[in-house]
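A short worksheet on the structure shown next.
The values are calculated or read from the model by the stated rules, or taken from the named source; none is laboratory data. Nothing here was measured: the structure is a model prediction, and the numbers come from that model. Backbone-built Cβ (ideal geometry, glycine too); neighbour counts: all protein chains shown. What goes into the accessible areas is simple: the full protein's heavy atoms, side chains included, and nothing from ligands, DNA or RNA. Shrake-Rupley method; radii C 1.70, N 1.55, O 1.52, S 1.80 Å.
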Amino acid sequence: AFDAFDKEGAGQLASWMILTGNEDALAPIVETIHELIDEIAPGECSDQAGLMRLHEATLALVLMAMGDALIGNALTRSLGLLDTAARDRAERMLTRSMDITLPQG
């Protein structure tokens with residue numbers, strides 16, 4: 001998600017769409033994210049509560065990735081943090097919210 005919004009330009013594209021009043025053009029991007037989560041959901045979520053957690057985690061991840069793409073470099077430098085601070089924080093947050101343990105290494 002972070003690479004898509006930063007290196008692939010989705011963050012800048014979404015911002016441009018919003019600023020120019022083309023918010024409807026975001027629909028394919030939003031729908032693609034939703035479809036991806038729906039593909040993942042059957043294997044990861046066995047109930048409605050699990051699906052809701054997955055949707056909330058997706059929302060947080062996408063919003064963090066978008067913000068990082070737009071202002072992350074300047075903000076991390078200003079705060080004296082590593083360039084990967086937002087990604088690292090997102091990983092910790094999502095790991096805790098989904099009650100999973102990622103392998104170390």
**OP:** Apply the Karplus parameterisation 6.51 cos²θ - 1.76 cosθ + 1.60, with θ equal to phi minus 60°, to every residue of segment 80-97 and state each ³J(HN,Hα) to the nearest whole Hz, in sequence, with x for glycine and proline.
**Re:** x, 9, 5, 4, 8, 4, 5, 4, 4, 5, 4, 4, 4, 4, 5, 4, 5, 6
Subject >> Chain lengthening between LEU13 and LEU75 when straightened (0.36 nm per residue, less Cα-Cα) >> reply: 20.3 nm
Subject >> Within segment 78-98: backbone nitrogen closer than 12 Å to the ARG53 label point (7 Å, Cα to C-beta) >> reply: 94-98
Subject >> Relative contact order [Cα under 8 Å, 6+ residues apart], the chain, whole percent >> reply: 32 percent
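Could you tell me what percent of the accessible area of the chain is made up of carbon and sulfur, with a 1.4 Å probe and every protein chain present?
Working: 4400 of 7420 Å².
After summing per-atom areas, the C and S share lands at 59 percent.
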